[in-house]
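Right, one structure below, let's go through it.
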Amino acid sequence: MLFAAMIQPFSMKTILIINGPNLNMLGLREPEIYGTLTLSEIEGQCRQSAQELGFTIDVRQSNHEGVLIDWVQEAVLGNYAGLIINAGAYTHTSIALHDALKILRIPIVEVHLSDPKQRESFRHHSYTEPLAKAVFKGEGLSGYIKALHFLAQKPL
Ligand code: DHK
């Protein structure tokens, strides 16, 4: 870890990717909705795209609302170029996550593998969307890759 930090060029910017509850079950979880890729396969593809764009990524997943909030707060104090967030079901329920994101000064992009607006009505509202500079949904892995491209085009 220390060695990786040492060899990372100083100019290399890091994008934080936060994934919420049940996204660790991708591959097994309702593949007809979320696709067949596992989260680590998605992470691998994102890492490759980020590298091509001149970025590194820090990919995290938790099933716990408070942990997601802690990571957003870490990003407030940290040196990230942007945040990509798929908060899973907390997208539709978490005012606390909304409040945490409100403090962030880096660009936020919301991603969903499925399109929640085309699903059950309880998925139609997003507490993260008002704080996001862009939303990519219903495009599976491509949504994450598009989010990386979107952040790479932003002046940092
Ligand atoms: C993931 C979830 O876990 C759901 O709770 C959201 C989102 C949709 C997705 O499509 O990635 O409603």
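The values are calculated or read from the model by the stated rules, or taken from the named source; none is laboratory data. Note that the structure is predicted; figures quoted are calculated from it, not measured. With ideal geometry, Cβ positions are generated from the backbone for all residues, glycine too; neighbour counts draw on all protein chains shown. Surface areas here come from the heavy atoms of the whole protein model, side chains and all, with no ligands, DNA or RNA. Shrake-Rupley method; radii C 1.70, N 1.55, O 1.52, S 1.80 Å.
Overall, the range 17-152 carries a charge dipole of about 260 debye about its Cα centre when +1 sits on the Cβ of Lys and Arg and -1 on the Cβ of Asp and Glu, all other atoms neutral.
Dipole of the chain computed with +1 at Lys/Arg Cβ and -1 at Asp/Glu Cβ about the Cα centre; of LEU151, ILE18, THR128, farthest Cα towards the positive end is LEU151. In the chain, the longest principal axis of the Cα atoms and the axis of helix 65-77 are about 30 degrees apart. In the range 93-137, Cα pairs under 8 Å separated by at least six residues give a relative contact order of 51 percent. Can you tell me the orientation of helix 141-153 relative to the chain, as the angle in degrees between its alpha-carbon axis and the longest Cα principal axis, to the nearest 10? That helix lies at roughly 40 degrees to the long axis. Note: relative contact order over the range 17-152, using C-alpha pairs below 8 Å and six or more positions apart, is 26 percent. Rg then Dmax, both in Å and based on the Cα atoms of the range 22-156: 14.0, 39.
Summed over the residues of the chain and divided among them, the accessible surface reaches 53 Å² per residue at a probe radius of 1.4 Å.
The modelled label-to-label distance for the pair GLU32/LYS13, using points 7 Å beyond Cα in the direction of Cβ, is 4.2 nm. Stretching the chain fully between GLU41 and ASP115 yields a gain of 24.6 nm (0.36 nm per residue, less the alpha carbon separation). Working from label points 7 Å from Cα in the Cα-to-Cβ sense, the ILE103 to GLU129 distance is 2.6 nm.
Spin-label pair ARG60-HIS149: with each label point 7 Å from Cα along the Cα-Cβ axis, the two points sit 2.8 nm from one another.
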